[in-house]
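Colleague: Below you'll find the structure I mean.
The values are calculated or read from the model by the stated rules, or taken from the named source; none is laboratory data. Nothing here was measured: the structure is a model prediction, and the numbers come from that model. Positions of Cβ are generated from backbone atoms using ideal geometry, with glycine treated the same way; all protein chains shown enter the neighbour counts.
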Amino acid sequence: MKKIKTLGIIGVGLIGGSFALALKRQGLVEKVLGAGKDDNSLGLAKALGIIDEVVTIAEMATLADVIVIAAPVNAFEGIANVLAPLLPANTIVSDVGSTKAKIIEIARKVFDNKIHQFIPAHPIAGSHASGPTAAISDLFQDKNVIITPLPENSSESVALIQSLWESCGATVQLLKQAKDHDDIYAAVSHFPHFLAACYMSFMESDPIRKQALNMGGTGFRDFTRIAAGSPEMWRDIFLSNQEAMLSQMRDFEKEFNYFKQLLENKDAEQLYQWLSVAAKARQNWKVIKN
């Protein structure tokens, strides 16, 4: 693919930083600009070679050919408000947000007649670590990236964003309906994080359970790992995907109450059947290669 002269990253943390490093490794970008709210973090990103220059968001709007907003979802509107009036006609803006319907709603309002320049995207990759020191060039290798193109987007713009992610080693899938995206990832990403965080909060709420944290093994480690993620990021994800999250919670409550009833009734046969279905579902799941 054609090399990008100037790439702009707003929010140079795990995702934004890893995206920049991957494209640098492939020799597909000549210069990377970084912007964000934390000067110390940006300085560290430059020292680590993730970005080449620190700029303001307004400066980035006029200097970059492709801009990726990798800041928390709640910051999107403020960033878009700065970018929108300054964007040259050929500049493409994308994002990495875990929710799409709310982001697209905001983007339509803010970018207005420049909405065709915004390509919504969501890389399915992450870590409990955050910040520029967590960025690695192969984070997206063999991972999924979902692009939810808008009717106004040109095929050339979508193809460019797709090719950038594929150059990072990702498998790109196009999903036309933003609501479908949000419902899917509420189920397989956002709600599991809620469960892990809820469990850790539960353990911290009682002295005996808190003491038990020192006695956990590998199962405890694997189940709770994602609860260590950025509170700011996950707060924004939950709020921006509120409807789908509440739907998952209502459905899960039925499952929880069903299990509770089986346990109260000491129904060994149905408990076994219930656990067997869950075990088989997990065994049959096709795990994405790390």
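Colleague: Output the residue which, of all residues in region 203-226 that are within 22 Å of PHE191 (Cβ to Cβ) and of a type in the set (A, V, I, L, M, F, W, C), is modelled with the lowest pLDDT.
Modeller: Among them, the one singled out is ILE226.
Colleague: Right, here's the next one. Just to be sure before I move on: is GLU232 outside the structural domain of ILE15 (by TED's automatic domain parsing), out of contact with any Asp or Glu (no Cβ under 9 Å at 6 or more places or on another chain) and either under 24 Å from ILE146 (Cβ atoms) or among the charged types (D, E, K, R) (or both) in the structure I sent?
Modeller: Yes, satisfied.
Colleague: Can I ask one more? From the list LYS266, LYS260, which residue is at positive phi and either outside the structural domain of GLY17 (by TED's automatic domain parsing) or touching a residue at least 12 places away in the same chain (Cβ under 8 Å) (or both)?
Modeller: Unique residue meeting the criteria: LYS266.
Colleague: From the list SER189, SER163, pick out the single residue that is part of a helix (DSSP H, G or I), in contact with a strand residue (DSSP E or B) (Cβ under 9 Å, 6 or more places away or on another chain) and among the polar types (S, T, N, Q).
Modeller: SER163
Colleague: May I pose another question? Restricting to region 221-243, name every residue that is in contact with a Phe, Trp or Tyr (Cβ under 8 Å, 6 or more places away or on another chain) and over 14 Å from TYR199 (Cβ atoms).
Modeller: Hits for region 221-243 are PHE238, ASN241.
Colleague: For region 94-130, what are the residues that are of a type in the set (Val, Ile, Thr), part of a loop (DSSP other than H, G, I, E, B) and in contact with an Asp or Glu (Cβ under 7 Å, 6 or more places away or on another chain)?
Modeller: Within region 94-130, just THR99 meets the criteria.
Colleague: So is LYS46 under 25 Å from SER167 (Cα atoms) and not in a loop (DSSP other than H, G, I, E, B) or not?
Modeller: Judged against the criteria, LYS46 is a match.
Colleague: List pairs: first in region 63-90 and not assigned by TED's automatic domain parsing to the domain that holds ASN241, second of a type in the set (Lys, Arg) and modelled with pLDDT of 95 or more, Cβ under 6 Å, 6+ apart or cross-chain?
Modeller: That search, which allows pairs on different chains as well, returns ASP65/LYS5; LEU87/LYS114.
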